[in-house]
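A short write-up of the structure that comes next.
The values are calculated or read from the model by the stated rules, or taken from the named source; none is laboratory data. Since the model is a prediction, treat every value here as computed from it, not as a measurement. FYI the Cβ positions are ideal-geometry reconstructions off the backbone, even for glycines, and counts take in every protein chain you see. What goes into the accessible areas is simple: the full protein's heavy atoms, side chains included, and nothing from ligands, DNA or RNA. Shrake-Rupley method; radii C 1.70, N 1.55, O 1.52, S 1.80 Å.
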Amino acid sequence: MSEACCRIAVVYYSATGTVFALAEAVREGALAAGAQVRLRRVEEIAPASAISRNRDWREHLAATRHVPVATHEDLLWADGVVFGTPARFGNVASQLKQFFDTLTGLWARDQLVGKVYSPFTSSASAHGGQETTLLALYNSVYHFGGVLVPPGFKGHANDSGGNPYGASHITGEDGSIAVDEPALAAARAQGHRVATMAAALKTGLAQPRLAAEAAR
């Protein structure tokens, strides 16, 4: 078996399944690029009383219990990390933010530096804060010292509604709009692009001169 080009962690939060579907597509894209991939969900911290009142939320949580919960080791293992979150009032869901808030030790030891990062999201409406949510994720990556890899408009295709910040999907106010093929295609393309760029960075930094420069 040929060696994987790089290691990609797809770390996401999904309440009712939309972001999970996008995360699976990101994983597929990274695998197609030759990467070794870990799919990881962050821990659910919402109260059981809130989850129990929403059938879709309750059923999705039960259906994805087999997905391992993200740990610091997953980030240390990865050459590239793709974060997924639904938009929450134009910001990152508290579940993923809580995971970020545990990363201070890794940040202090410069263990998040030099990795490739990219985000994806979903929202209820076309102007429901997708871009601000993705930019909020980028703010954390700036502090990590990471290398941002947005999908951009590569190929000038209207993937996922033409969102250059990250793959995304609009679910509708009642959440009834299932993830469609354009959004899945955008997520696959993003996973492929992240893996390709992470592999290129890994190969470049393996050269002694560049490695020495990067360590300064």
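For segment 169-184, the set of residues classified as open to solvent by 40 Å² or more (accessible area, probe 1.4 Å) and assigned to a strand (DSSP E or B) consists of Ile170 only.
Scanning segment 86-116 for residues that are under 17 Å from Ser168 (Cα atoms) and either open to solvent by 30 Å² or more (accessible area, probe 1.4 Å) or assigned to a helix (DSSP H, G or I) (or both) yields a count of 4. Note on segment 1-33: residues that are closer than 23 Å to Leu201 by Cα and touching a Ser or Thr at 6+ places or on another chain (Cβ under 6 Å) amount to 1.
Take Phe83 and tell me if it is open to solvent by less than 50 Å² (accessible area, probe 1.4 Å), out of contact with any Cys (no Cβ under 6 Å at 6 or more places or on another chain), closer than 18 Å to Tyr165 by Cβ and among the hydrophobic types (A, V, I, L, M, F, W, C). So Phe83 fits the description; yes.
Scan segment 120-132 and give yes if some residue there is closer than 15 Å to Arg40 by Cα and under 15 Å from the mean Cα position of the chain (by Cα), otherwise no. The answer is yes; a qualifying residue exists.
Within segment 38-60, the set of residues being buried (at least 16 other Cβ atoms within 10 Å of the Cβ), out of contact with any strand residue (DSSP E or B) (no Cβ under 8 Å at 6 or more places or on another chain) and either in contact (Cβ under 8 Å) with a residue 40 or more places away in the chain or of a type in the set (Ser, Thr, Tyr) (or both) comprises Glu44, Trp57, His60.
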